[in-house]
1. Among the helices (runs of 4 or more DSSP H) confined wholly to the stretch B:28-85, which include 3 or more residues that are closer than 30 Å to B:N113 by Cα?
2. Checking the structure you have, find out if any residue of the stretch B:455-462 is facing chain A (nearest Cβ under 10 Å), part of a helix (DSSP H, G or I) and surrounded by 12 or more Cβ atoms within 10 Å (Cβ to Cβ).
3. Just for the stretch A:103-124: of the residues that are polar (S, T, N, Q) and within 14 Å of another protein chain (Cβ to nearest Cβ), which one is farthest from B:V416 (Cα to Cα)?
4. State all residues of the stretch B:281-301 that are buried (at least 16 other Cβ atoms within 10 Å of the Cβ) and either at positive phi or not in a helix (DSSP H, G or I) (or both); if no residue qualifies, say none.
5. Select from the stretch B:547-604 the residues that are among the hydrophobic types (A, V, I, L, M, F, W, C), modelled with pLDDT of 75 or more and assigned to a loop (DSSP other than H, G, I, E, B) and list them in ascending order.
6. Can you work out which of the residues in the stretch B:615-631 that are in contact with a Gly (Cβ under 9 Å, 6 or more places away or on another chain), surrounded by fewer than 21 Cβ atoms within 10 Å (Cβ to Cβ) and assigned to a loop (DSSP other than H, G, I, E, B) is modelled with the lowest pLDDT?
7. What residue, of B:R188, B:R204, B:R256, B:R210, is of a type outside the set (V, I, T) and either surrounded by fewer than 10 Cβ atoms within 10 Å (Cβ to Cβ) or at pLDDT below 75 (or both)?
8. Looking only at the stretch B:16-27, filter to residues that are part of a helix (DSSP H, G or I) and either surrounded by 19 or more Cβ atoms within 10 Å (Cβ to Cβ) or on the phi > 0 side of the Ramachandran plot (or both); which one of those is modelled with the highest pLDDT?
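The values are calculated or read from the model by the stated rules, or taken from the named source; none is laboratory data. Everything quoted here is computed from the prediction, not taken from an experiment. Methodologically, a virtual Cβ is constructed for each residue, glycine included, from the backbone with ideal geometry; neighbour enumeration extends over all protein chains shown.
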Amino acid sequence: MIDTYALVSVVDDDESVRESLPDLLMEFGFAARAFSSAEEFLASDCVGQTRCLILDIAMPGMTGPDLQRELKLRRQDIPIVFITAHRDETVRPRMLEQGAVECLFKPFSDTALLKALNAALPAS
Amino acid sequence: MTESGRSRNDIPFDGSTPIGAVPLESILCTEELRNRPSRLPEYENENRALVALASALADSPRTVLQTLADKVFEVLHADSAGLSLLTKDEKRFYWAAVAGAWQPHIGAEAPRNFGPCGDVLDHNIPMLFNHWERRYPYLSWAMPLADEGLLVPFYVNGKAVGTIWAVAHDKRRKFDAEDLRLLERMSRFASAAYQVVGSIENLRLEIAAREKAETAVRELANGLETQVRVRTGELERSTRDLFDTNRALETEIAERKRAEQELRRSEAFLAEGQHLSRIGSFSWRVATDEITWSEQLYRIFEFDIGVRVTLELIGRRVHPEDIPLLNDMIERARGAVSDFEYEHRLLMPDHSVKYLHLIAHGSRDRDGRQEYIGAVQDVTQRRLSEEALSKARSELAHVARVTSLGVLTASIAHEVNQPLSGIITNASTCLRMLAADPPNVDGARETARRTIRDGNRASQVITRLRALFCKKEATAESVDLNEATREVIALSLSERQRNQIILRSEFADDLPVVAGDRVQLQQVILNLLRNASDAMSAVVDHPRLVLVKTERDEDDHVRLTVQDSGVGFDPHAADRLFEAFYTTKDHGMGIGLCVSRSIIESHHGRLWAAPNDGPGATFSFAIPSAPGGLTGVGTHRDIRTPAVTDAAENL
């Protein structure tokens, strides 16, 4: 089902997420890269190759939704899975409405993440 | 193996053969197939038939069996052709597909164990029959009669499921070896087709079952969503209620303020003597202590009108706690002539309390003698509304505390969720690495190490939060615990009056001072007094009594004890009392005792609770005394509220 070589990029200012998520993504069979800010991600050469973006909502500087808008302006249609440690039930429907594939509250389970990724990267 | 034309007498009687019917051998002529001249294969026809079958299988699998019958009929130049399948219970055959003269008999049934089809399956070989109605007379219903019938079994997965047959209705058509070859070929095809049709049928069932399960799941999810919606609605409603309460309290406060203003306005009117009937007035000649009262003042003091008024008589009505205030007032009045204003309480014979507001104007008469003329207003109502106002205020403050606690909780959850997220992701990765074949032990070790580190990080978040709460450094100063306690008792007077609580205090004379933060210690004492009050709010069958005691404790400690006669507590819960958010009260937050204990511990002391022998509980703390300090005798009292005596307050 999963495109095993798809690149999934993680953008989160929290270090433990940046450390832990790529390993899990690789266990799932993806290629993974982690960035500590939206700016760092935009400056990288991964934007065009990223097949799915796991994006923290609240970050200093450019926020997750800011990056989403920026990518839209650049016509980079990357499926986005938002993650956030701030459990506010009103956030999720808003994010989905604005085009996110999924919005997960930290801490989330590996199965929840895998489900979101399957939705983001349907079998071609 | 069989010979036709045997005399029927040579055949032993077979139990399964109907009486009068001929034996199986006499209707079989399979051997003849070898001997008859075989017609030439018509490969083109045969191929066309197989292609037609293959496309039927691809396009409409359900009709493939009928197509098969049609093609057998066609290729074998038969008069009738068809396919008989075993029923599920394997007791009967039914004609699943028929072409040619017998086409109208499609769907007909015949017993499994008594008929040409059964013979073919039993012997597991192709068979050519001649006029089988001689042995199976009941088959005569199938008209026209079969002159010859060629049958082959067909199998699916090694299991016989039926026969394929071709029939000639007159002697002109004789089947030969080529016909048998064709029929066997068709039979192999029938096997495959049957399997495919079976799989498609299973698939259809599976899809139906899955759709049903999906519908059930969807319904379940809908149910859950409804539940969530309902619960969210409830939460929203209760939040709205909270806001409504808040608004109601604000309105109440505004109304109280208006009431206060109105009271003040009427005071002015009264001062002008416009409504003397609501205010008592007096005159007092200081030199002779000659006192004159208006009738209204007699009514306020509840003395018989006309009784001679003396300071001693007044003292009998003044609240015992306010006697020092009265004495102070008299002393001042006797000194320099001035205007003065006092508030004090009366304790009436029925134990009710009146609050009086006294305004006096001092002057000298022609002879130079001091005289005061004044007005006394009964301000009990105003006092009561002030108390109600302060109650409303504290309720508002409680609401505010709850609200800010919600914000606090959200930010704590955010702080803790960050490392928790790392912990769960790392642990999941670790499990997946261990479950891999071969297990990735090094990777698992690394992720486990990170799990531990994130666990420590979560713990540090908690430590940081704790530090935040205790941010304020306690200032160390010499504190006279007796005096600090007296202040708290005075400050909380109105609260006790409202709750009809009698407070007795026993202060040790020779109490050493302690080193600490006066305000923090007073917070603790206030908290203990409030807890005592709250614990007694439901008591009606005995006096609501609080005993506050200070004394020297062992090891140069000073101990303060607050003993109440309230509901007490379960001895097993003694330790939980000091946990944050543990409360037995309806309106409590459950943080008071927890904070109190941390304050006392920061003073190197301890705070504990014990149930009384009788009703109620005793809370005590002990803190070390400051090195070399003793309470100064007659320390200053910097409060001007009615003084609290060490005797019982009778409220």
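1. Numbers: elements: B:32-35, B:43-59, B:64-75.
In the stretch B:28-85, B:32-35, B:64-75 are the helices (runs of 4 or more DSSP H) which contain 3 or more residues that are closer than 30 Å to B:N113 by Cα.
2. To start, the set of residues in the stretch B:455-462 that are facing chain A (nearest Cβ under 10 Å) comprises B:457-458.
Okay, now just the ones that are also part of a helix (DSSP H, G or I), so B:457-458.
If we keep only those that are surrounded by 12 or more Cβ atoms within 10 Å (Cβ to Cβ) too, we end up with B:457-458.
The answer is yes, given that some residue of the stretch B:455-462 is facing chain A (nearest Cβ under 10 Å), part of a helix (DSSP H, G or I) and surrounded by 12 or more Cβ atoms within 10 Å (Cβ to Cβ).
3. As a first pass, look at the stretch A:103-124 and keep what is polar (S, T, N, Q): A:109, A:111, A:118, A:124.
Adding the requirement that they be within 14 Å of another protein chain (Cβ to nearest Cβ) leaves A:109, A:111.
Numbers: A:S109: 16, A:T111: 21 Å.
Checked the stretch A:103-124; the qualifying residue farthest from B:V416 (Cα to Cα) is A:T111.
4. Of all residues in the stretch B:281-301, those buried (at least 16 other Cβ atoms within 10 Å of the Cβ) come to B:281-282, B:284, B:286, B:291, B:293-294, B:296-298, B:300-301.
Of everything in the stretch B:281-301, those that are buried (at least 16 other Cβ atoms within 10 Å of the Cβ) and either at positive phi or not in a helix (DSSP H, G or I) (or both) turn out to be B:S281, B:F282, B:W284, B:V286, B:I291, B:W293, B:S294.
5. B:V567, B:F569
6. By that ranking, first place goes to B:A626.
7. Numbers: B:R188 fails: either surrounded by fewer than 10 Cβ atoms within 10 Å (Cβ to Cβ) or at pLDDT below 75 (or both); B:R256 fails: either surrounded by fewer than 10 Cβ atoms within 10 Å (Cβ to Cβ) or at pLDDT below 75 (or both); B:R210 fails: either surrounded by fewer than 10 Cβ atoms within 10 Å (Cβ to Cβ) or at pLDDT below 75 (or both).
Every option except B:R204 fails the conditions.
8. So in the stretch B:16-27, the residues part of a helix (DSSP H, G or I) come out as B:24-27.
Checking the rest, the ones that are also either surrounded by 19 or more Cβ atoms within 10 Å (Cβ to Cβ) or on the phi > 0 side of the Ramachandran plot (or both) come to B:24, B:26-27.
Details: B:L24: 85, B:S26: 85, B:I27: 88.
Taking the candidates together, the pick is B:I27.
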